[in-house]
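This report concerns only the one structure given below.
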Amino acid sequence: MTGYFRTVEILLPCKPMSKPRPRRSANGGVFMPAAYREWSDAIELEALSQHQGEPLTGPVQMSLIVAGPQRGRYDLEGVFGAVADAISGSVRQQKPPVVLVDDSQIVCLEARFEAAPTWLLSVTVRQVHAPDWETAAKAARKAKKAVRP
């Protein structure tokens, strides 16, 4: 497909988890809750088993489909952030990236919920051609300026 370089698709057979806020310890340090770290580690291991190549570099487009029996106590934006952190190794800074070098590479995103009998997270990350992204960004800025009075 024109405009794309590499595509990575990962299927994660697990219940979604929204990205929690960092917690403060009694001594003033900051940490993420243990349940989130364990979930993120499981996502990272599954992503590693499905993606053996080098992490994608440059701007990327990421799509997330959360499939499951019911809408849970999570928000799609929070799940998106949690998955992006897990596949970029951002939860624990000392870990190498898996699919992305950094979640700041995501320049376009899509997330949706679909009803299904079991939980499944479907993640697709596409490396986009930088000139295409720059052209789209310029057009968006131009349209935004045109709307202003």
Checklist entry - In segment 57-92, which residues are within 20 Å of ARG6 (Cα to Cα) and either modelled with pLDDT under 85 or not polar (S, T, N, Q) (or both)? => result GLY58, PRO59, VAL60, MET62, LEU64, ILE65, VAL83, ALA84, ASP85, ALA86, ILE87, GLY89
Checklist entry - Just one of LYS19, LYS15 is part of a loop (DSSP other than H, G, I, E, B) and under 13 Å from the mean Cα position of the chain (by Cα); which is it? => result LYS19
Next on the checklist: Whether any residue in segment 23-35 is within 15 Å of VAL123 (Cα to Cα) and modelled with pLDDT under 90 is what I want to check.
Outcome noted: no
Checklist entry - Taking segment 35-50 on its own, how many of its residues are over 16 Å from GLY81 (Cα atoms) and buried (at least 18 other Cβ atoms within 10 Å of the Cβ)? => result 1
Checklist outcome for this item: Flagged in segment 54-69 as among the β-branched types (Val, Ile, Thr) and part of a strand (DSSP E or B), in numbering order, are VAL60, ILE65, VAL66
Next on the checklist: Let me confirm something: among PRO97, PRO59, which residue is closer than 20 Å to ARG126 by Cα, touching a Gly at 6+ places or on another chain (Cβ under 6 Å) and surrounded by 15 or more Cβ atoms within 10 Å (Cβ to Cβ)?
Outcome noted: PRO97
Checklist outcome for this item: If we ask which residues in segment 22-53 are in contact with a Lys or Arg (Cβ under 8 Å, 6 or more places away or on another chain) and in a loop (DSSP other than H, G, I, E, B), their number turns out to be 3
Next on the checklist: Can you go through PRO97, PRO59, PRO69, PRO55 and tell me which one is more than 25 Å from PRO22 (Cα to Cα) and in contact with a helix residue (DSSP H, G or I) (Cβ under 6 Å, 6 or more places away or on another chain)?
Outcome noted: PRO59
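The values are calculated or read from the model by the stated rules, or taken from the named source; none is laboratory data. Note that the structure is a prediction, hence the values are computed from the model and not measured. FYI the Cβ positions are ideal-geometry reconstructions off the backbone, even for glycines, and counts take in every protein chain you see.
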